[in-house]
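Here is the structure we will look at, set down as structure tokens.
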Amino acid sequence: MKKHPVIAGLVLLIALGTLFYVLFYWVGAQSGKVSTRTFSLGEKIGVVPIEGVISDSSEITGYIEEFAKDNSIAAVVVRIDSPGGGVAASQEIYEAIVALKKKKKVVVSMGSVAASGGLLIACAADKIMANPGTITGSISAIMQFANVEELLKKVGVQATVVKSGPYKDIGSPVREMTQEERAIIQELIDDIYDQFVEVIVRDRQLTRQQVEAIADGRVFSGRKAKDYGLVDELGDMAAAARLASTLAGKGGAYDLVYPQKKRSTILSYIFEKAAIQIGRALAEQFQKRVGAGYLYQP
């Protein structure tokens, strides 16, 4: 029976496609990095990336919850490359990792910087691994206010405020902050700072004196952080993944699994990425101006 050339061509294309898929997968498996959850030959280690200033927690906590429900994920590595960010967002991610830790082993891998809120999040893990040169620390809380009163006077602009209470416009950029207002803000910052210190004392099993001795906003290297008891081991992302596999009782070959992104058209993807970047930029600027933060700002 004579073969149809179209059918033969389709069969050949399918065969070649399958071959290339297996080949690319094998290369990815050898490098220890696979972004899909299907067709896995080894154990799966989930990777949750936390990058840039933390202004919102929903996306990251969604990834964490996704891995928590996936029984094929043996352990999770949280890769932090962030100077910190909003207090509430950092605390929400911290709590999500605490919940995840009840189901799976969690290892934090610190990248170039994992300071302030990034360090707070790291404390939720079973183990913390940093590079010797990682910038970490900055155990502190901060709020910043701009005062443009003199500038407004120069351009002939006068502001009028109608308020229901004496402290309703606390931190207003159009006037100097009073001593009473400064005391209120200082009390707020001290309380937020105290919450940070309590987390480190509890999770890193250090005394409050040990933590307060270095909790003055300073930053230090990953190697120094290990001396202070803030980091368990020194190593890169690959070492963190191996440690997570060992803690999970596997210790063999593994594949790194990254969060699945929702599929979309090219046009919608471009608009979505643009909207996300603009939203994050605005949120970061707003956070810097009016919000309290666990944030390292060099």
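The values are calculated or read from the model by the stated rules, or taken from the named source; none is laboratory data. If you're wondering where the values come from, they're calculated on a predicted model, not measured in any experiment. So basically every Cβ, Gly included, is an ideal-geometry build from the backbone, and we count neighbours across all protein chains shown.
Annotations
- Qualifying residue in the stretch 102-120 (condition: at pLDDT 95 or above, hydrophobic (A, V, I, L, M, F, W, C), out of contact with any Leu (no Cβ under 9 Å at 6 or more places or on another chain) and under 19 Å from residue 243 (Cβ atoms)): yes
- Selection from the stretch 141-178 of residues that are over 38 Å from the mean Cα position of the chain (by Cα), exposed (fewer than 14 other Cβ atoms within 10 Å of the Cβ) and not charged (D, E, K, R): 155, 156, 157, 158, 159, 160, 161, 162, 164
- Residue 136 meets all of the listed conditions (1) within 24 Å of residue 43 (Cα to Cα); (2) outside any helix (DSSP H, G or I) but one, namely (1).
- Selected residue (criterion: farthest from the chain's Cα centre (by Cα)) from residues of the stretch 203-223 that are assigned to a helix (DSSP H, G or I) and under 17 Å from residue 108 (Cβ atoms): 223
- Residue in the stretch 241-248 that is of a type in the set (Ser, Thr, Tyr), in contact with an Asp or Glu (Cβ under 9 Å, 6 or more places away or on another chain), in contact (Cβ under 8 Å) with a residue 40 or more places away in the chain and assigned to a helix (DSSP H, G or I) present: yes
- Residue list for the stretch 118-140, restricted to those being surrounded by fewer than 24 Cβ atoms within 10 Å (Cβ to Cβ) and among the polar types (S, T, N, Q): 131, 140
- Residues within the stretch 64-84 that are of a type in the set (Ser, Thr, Tyr) and within 13 Å of residue 94 (Cα to Cα), tallied: 0
- Sub-7 Å Cβ pairs linking a first residue in the stretch 145-159 that is within 18 Å of residue 170 (Cα to Cα) and in a loop (DSSP other than H, G, I, E, B) to a second residue that is at pLDDT 90 or above and among the charged types (D, E, K, R), at least 6 apart or interchain, are 147/176, ordered by first then second residue.
- Some residue of the stretch 200-214 being under 23 Å from residue 61 (Cβ atoms) and buried (at least 20 other Cβ atoms within 10 Å of the Cβ): yes
- Top-ranked residue of the stretch 121-133 - restricted to ones that are outside any strand (DSSP E or B) and within 19 Å of the chain's Cα centre (by Cα), ranked as farthest from residue 247 (Cα to Cα): 133
- Long-range neighbours under 8 Å by Cβ, at least six apart or interchain, first residue under 18 Å from residue 141 (Cα atoms) within the stretch 201-216, second in a loop (DSSP other than H, G, I, E, B) and hydroxyl-bearing (Ser, Thr, Tyr): 201/207; 215/140; 216/140
- Scanning the stretch 45-80 for residues that are polar (S, T, N, Q) and either under 20 Å from residue 120 (Cβ atoms) or outside any loop (DSSP other than H, G, I, E, B) (or both) yields a total of 4.
- Candidate set: the stretch 249-275, residues that are within 21 Å of the chain's Cα centre (by Cα) and in a loop (DSSP other than H, G, I, E, B); chosen: the one modelled with the highest pLDDT: 258
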